[in-house]
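First comes the structure, then the notes that go with it.
The values are calculated or read from the model by the stated rules, or taken from the named source; none is laboratory data. What you are looking at is a predicted structure, and each value in this text was computed from that prediction instead of being measured. Each accessible area value is taken on the protein alone, full model and side chains, heavy atoms only, with ligands, DNA and RNA left out. Shrake-Rupley method; radii C 1.70, N 1.55, O 1.52, S 1.80 Å.
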Amino acid sequence: MLLWAIDQQRIAYGQTVTVGPPKTAASRRTIALDHTTATILRHHHRRQLTEQADHGAGWTDSGYVFTQPDGQPLHPDYLTRRFRRLVTDSALPPVRLHDLRHGAATLAHCAGADLKTVQEQLGHSSIVLTADTYTSVLLDLHLTVAEATARLVLAAATRNPGREHRTPTRHPRTAATPTARRPKPLPGNRIRREPHPGAGRAHMTPKRHPKIKAA
């Protein structure tokens, strides 16, 4: 713990932190937390009370949730460097401490929160700023929307079944069907005619079958 305090002083050396009121009235707001985060903060508060009892009169009541072991506030530069080190040790993609605000808005939006709720969580005065700057769409949300769209279309097709698809048949006299070629006219405006299949045969009287008697 002593080495941690020395490292804290070395990182904050030469820099001055000015404490002042929030920039806007919307910065003073209530933040809703989930049960898991609230439980972790309660454990942290009990650990902080133990540190306060250990330091006795040397404890500084700064009023901050996260402090040094003696109650002094943490330097912002220390938090930035510490977060960068944790990201590197965790083998996560490069992300800044300030990006956590953007990520929280994106995750809340993907979890189903509308932009108005996200706007109030971030304390923005305009919903346009929330939509254009602090939210983005994740790949999982694209997949969820695609599945929801498919379910909508399939449900509509089930309620309104259409005719089965049939391959159209061609008419026998369409352009795709070859037609018989007409004979070319002969000189003298005479037309050459093809002989009838039965032409040239002798006329034959049909014979009765020997077992059939005339009525």
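General observations
- Measuring spread by the Cα atoms of segment 4-161 yields a radius of gyration and Dmax of 21.8, 81 Å.
- Cα Rg over Rh - segment 92-134, Kirkwood: 0.99
- Heavy-atom accessible area order for 135, 30, largest first, 1.4 Å probe: 30, 135
- In segment 26-114, the convex hull through the Cα atoms has an average projected area of 7.9 nm², a quarter of its surface area.
- Gain upon complete extension [residue 110, residue 37; 0.36 nm per residue less C-alpha separation]: 24.4 nm
- Residue order for 83, 66 - accessible surface, 1.4 angstrom probe, largest first: 66, 83
- Here residue 45 sits with roughly 100 square angstrom of accessible surface, probe radius 1.4 Å.
- Kirkwood hydrodynamic radius over Cα pairs of segment 15-55, then Stokes diffusion coefficient at 25 °C and 0.890 mPa s, in µm²/s: 183
- Whole-percent carbon and sulfur share, accessible surface of segment 20-97, 1.4 Å: 57
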